Amino acid sequence: MMTRLDLAHLRLHNQRLVDTRCRMPEDVVSWLGAVQAQDYGGAKWGIPQRTTGASNAELDQVSQG
């Protein structure tokens, strides 16, 4: 039987918020298919949450490239 803790971990894992394999912002967007947010800052915050490391400058470069 699945516990609430199991379910919470599974959800975090499926959203790539834990145990992520994404190393670059492009990997995150490719996996998600798209990124949507109410504002640029929100989208910019969500991507590094799913990477092993993405700098602010890298995110700005990717969004303009």
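The apolar share of the surface of the chain, taken as the fraction of accessible area on carbon and sulfur atoms (1.4 Å probe, ligands and nucleic acids excluded), comes to 53 percent. Using the alpha carbons alone, the radius of gyration of the chain stands to its Kirkwood radius in an Rg to Rh ratio of 1.05. Protection proxy ranking for 6-16, 48-58, using the average of other Cβ atoms within 10 Å per residue and placing the highest first: 48-58, 6-16.
Return the calculated 222 nm mean residue ellipticity for the chain, to the nearest 500 deg cm²/dmol, obtained by summing -39500 (n - 2.57) across DSSP H runs with n ≥ 4 and dividing by the residue count.
On the way: 4 runs with 35 residues, N = 65.
My calculation for the chain gives -15000 deg cm²/dmol from helical runs alone.
The values are calculated or read from the model by the stated rules, or taken from the named source; none is laboratory data. Model, not experiment: these values are computed from the prediction. Because the Cβ atoms are built from the backbone with ideal geometry, glycine has one as well, and the counts that use them run over all protein chains shown. Remember, those area values only see protein heavy atoms, side chains included, never the ligands or the DNA or RNA. Shrake-Rupley method; radii C 1.70, N 1.55, O 1.52, S 1.80 Å.
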